[in-house]
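Asker: Take a look at this one; I'll ask things after.
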Amino acid sequence: MLQNEYVDKLRCFEMDGIFRERPVKRIRVFNPVLAKKNRVAIRTNSDLELHPEVLVFEGHIDAEDKIYFADRRVMMRKMEES
């Protein structure tokens, strides 16, 4: 379970996309506190592409308003272990 205090700090980018040949709203959620700690400025989705270490969730919302998210925090933990 995610704590409200953690979720309140997260930020996201939304963009139109395609998933399995259907239109969706893509969502990428990042942690600006982690970005600041790493001295990274995330102002656009392109910035996030360059710094995936601050990405915490990504997914999409389909035409029926169903939300699908993948937890990318595992990737962050693996990067920290390296």
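Computed from the coordinates by the stated procedures, all read-outs in this text should not be read as laboratory data. This one's a predicted model, so the numbers in the text were calculated from it and none came from an experiment. Cβ placement follows ideal geometry from the backbone for every residue including glycine, while neighbour counts extend to all protein chains displayed.
Asker: Long-range amide H contacts for Phe19: which residues qualify at under 5 Å (H placed 1.01 Å from N, peptide plane, sequence gap of 5 or more or a different chain)?
Answerer: It is Val24, by chain and number.
Asker: Just to confirm the filter: which trypsin sites (Lys or Arg not before Pro) across the range 1-75 are DSSP coil and have at most 10 other Cβ within 10 angstrom of their Cβ?
Answerer: Arg20, Arg39, Arg43, Lys66
Asker: Hey, what number do you get for the chain at 222 nm if only DSSP H runs of n ≥ 4 count, each worth -39500 (n - 2.57), divided across all residues, to the nearest 500?
Answerer: -8000 deg cm²/dmol
Asker: log10 I(q)/I(0), Debye, Cα-only the chain, no solvent, q = 0.14, 0.17 Å⁻¹?
Answerer: With one equal scatterer per Cα and no solvent, log10 I(q)/I(0) is -0.50, -0.73.
Asker: Rounded to whole Hz and in sequence order, give me ³J(HN,Hα) for the range 18-33 from the Karplus expression 6.51 cos²θ - 1.76 cosθ + 1.60, θ = phi - 60°, writing x for Gly and Pro.
Answerer: 10, 9, 6, 6, 10, x, 9, 9, 6, 10, 10, 10, 10, 9, x, 5
Asker: Glu5 to Ala63: FRET efficiency via 1/(1 + (r/R0)^6), r the Cβ-Cβ distance, R0 30 Å, to the nearest 0.05?
Answerer: 0.35
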